[in-house]
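The values are calculated or read from the model by the stated rules, or taken from the named source; none is laboratory data. Quick caveat, the model's predicted, so the values are computed rather than measured. Please note: Cβ atoms are built from the backbone with ideal geometry, for glycine as well, and neighbour counts cover all protein chains shown.
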Amino acid sequence: MSVTVCASPPTSTAPRRKNLAGKRTNSLGWAKADCHTCAEKQRFCDRRRPRCSACLDEGGICGGYIQALNWERGTVRLGKSRSKSISGAPEKSLPDENSIAQLPQPPTFVFVDETRPAERTRKKARKNSKSSVSNLSQGDRSARSSISSNWDSISPTSPYSPCSQAKSATPPSVYEPQEVILSLSPRIERPPIEDALAFYHSRFSKTTLTWDVPVNPWQAALPQIHDDIPCVRYAAIALAQRQQAHLANKAEGLAVLNLKAKALSVFAAHLNDLSIESGISTSLLLIALDYAETGLSNWTIHLRGALHILESSGGIRLAESRQNLRSQIAMLLWYDVARAMLSRCPPIFPRRYIETLMLWQSESEWSMLGLNGLPDGMFLDMYDLAIAASHPEELSAEMISAFEAKILDATVSNHDHRQLAAMARVWKLGLLLYCRRVLVPLISGEESARYALENDVKPSLPVVGLAAKSLHDPHDLALEILRIVADLPPDSNFQKQCLMPIILASVEVPASNSQYRKIAVDYCERWKDRTGIWIFDSALEFMSGVWSRNDREVTASELRDGTLHESDVEGTKATCITVPWTEIYPRGIEYGFLFG
């Protein structure tokens, strides 16, 4: 294997944008070859590490550079294989005393193929874990060995490594699926299990994010693939193979279902024996396995399991000193709140979890904006909206007005980033639309009249670019959301993260606004194909259910009134939805698993 060495930096004239460049925290000099992104686009690359200036200027994700890979056999511990890989590297001639000091070289990545179990290392790594070999039944042992004799030894880049901490919180503007490009001989092929874990690390772990946050919740699960209780291992491989099949437009095969079933059975059998990290990682991966296939699945089971694990070990305070755990809990809270909003059922996690987690939140680790696209200042408001929708008897006009004021006052950093600002505006309008469509109809009588009176005297609110009257019209809010989304680049990460607002908006669009329906349809079909995550397809089914019901109602009404001729059924003049989605999909948990 060849080792990439540093070369003198070529002169670069590529400008750097202040708002995107960020701080280079992991400068390793210059690479010998162009980055993968520039090579693919056949453009000039200044080869600067860790990200080239051309990618920074474009606002995209730099694909990185080819890394040297060594395979070590017969090693018991990763530390030994690292030392061997360093000593085995080609020797470099010493520079003259008067020469310029060389910049540090990028680390050598080592894939270790152990030939015997590392018992001592395992016990040390699992010191604080309740899991042990003695907890496993004979069936679990045989299930573990039936997958592959080599997968225990696969060691993808860990999120604990310094490389992960050097990731920038700077938002990219383009969704570019990243997969490590290995300069291997054509005769060398990775085993299917190793290939799946490498794919999980390099591709899936970035699929759901707005940008690659320093503490990636999906990569935080990777250290647990070596656990004696193999539920994380089963779930991660099943998830990777499912997405691989989706991206290739192939049937995923029975192996994925078998792995998922094994992950579920082992997880259920050893729920009280798992370490905190293994239990939370498994819960998160099981949810991901579901939404990679469909939006209709019982997420509450996994969420309750995660909450049980946390509460039995001390609650949210347990995560105060564990950054990876904080990032994973943030993702679980996101899925919980999104589920609760659609189902209009209470969230599983208590509010104190979000309150505490947001106090610890740091841009140097993760943010809700980086994880899911929602501005961090709106997350507690989103939780409160879900609670209010699940307790209609406690709603009042003042509460709804207070919700709207907090949403409108929420601030977003990086205002100079146009696409980020547009995404934040979409979320503001989406939550306002939720207030209008879900909360307002729940109040009646004097409360409803009081709310209407307050809205009549409100001034124009230029912060979202709409007059006060339009802010309280679901149809106007919906069209504005879809207009903003259509203006975002179709390959933008920021557009990808607008799924919930797009669905809330699209179900307000009548047949007479067919061009806006097309925006939503194109969005779902495009991102299903680009990500291999089929929750976008479930979202389209959700929209279509509302559209077909309303189109039938409007057509029948206009035919009865004589305003529509039978030969012109497509020419309906309806300007708004007549049957809201809240009536088509009643309150209940069976409708609460669409958004991810």
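Quick rundown of the values:
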| read-out | value |
| --- | --- |
| Lone unmet requirement of (1) modelled with pLDDT under 95; (2) over 20 Å from Asn513 (Cβ atoms); (3) of a type outside the set (D, E, K, R) for Met423 | (1) |
| Filtered residues of the range 343-394 (kept if acidic (Asp, Glu) and under 17 Å from the mean Cα position of the chain (by Cα)) | Glu363, Glu365, Asp376 |
| Which listed residue, of Val507, Val521, is under 30 Å from Gln241 (Cβ atoms), of a type in the set (Val, Ile, Thr) and modelled with pLDDT of 95 or more | Val521 |
| Selection within the range 48-57 - out of contact with any Asp or Glu (no Cβ under 6 Å at 6 or more places or on another chain) and more than 19 Å from Lys206 (Cα to Cα) | Arg48, Arg49, Ala54, Asp57 |
| Test: residue in the range 350-365 that is closer than 22 Å to Pro501 by Cα, among the small types (Gly, Ala, Ser) and modelled with pLDDT under 95 | no |
| So Tyr234, is it of a type in the set (Phe, Trp, Tyr) and farther than 22 Å from His308 by Cα | no |
| Residue ID - surrounded by the fewest Cβ atoms within 10 Å (Cβ to Cβ), chosen from residues in the range 310-333 that are polar (S, T, N, Q) and closer than 21 Å to Trp211 by Cβ | Gln323 |
| Breaking point among (1) modelled with pLDDT of 95 or more; (2) in contact with a helix residue (DSSP H, G or I) (Cβ under 6 Å, 6 or more places away or on another chain), for Ile584 | (1) |
| Pro347, sole failed condition from (1) surrounded by 19 or more Cβ atoms within 10 Å (Cβ to Cβ); (2) part of a helix (DSSP H, G or I) | (2) |
| In the range 273-309, the residues that are surrounded by fewer than 24 Cβ atoms within 10 Å (Cβ to Cβ), free of Cβ contacts under 8 Å to residues at least 40 places away in the same chain and within 26 Å of Pro214 (Cβ to Cβ) | Ile309 |
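For (1) aliphatic (A, V, I, L, M); (2) surrounded by 16 or more Cβ atoms within 10 Å (Cβ to Cβ); (3) under 18 Å from Leu488 (Cβ atoms), each residue gets a yes or a no:
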position	(1), (2), (3)
Glu365	no, yes, no
Gly373	no, yes, yes
Tyr383	no, yes, no
Ala389	yes, yes, no
Ala405	yes, no, no
Asp409	no, no, no
Leu420	yes, yes, yes
Arg425	no, yes, yes
Leu432	yes, yes, no
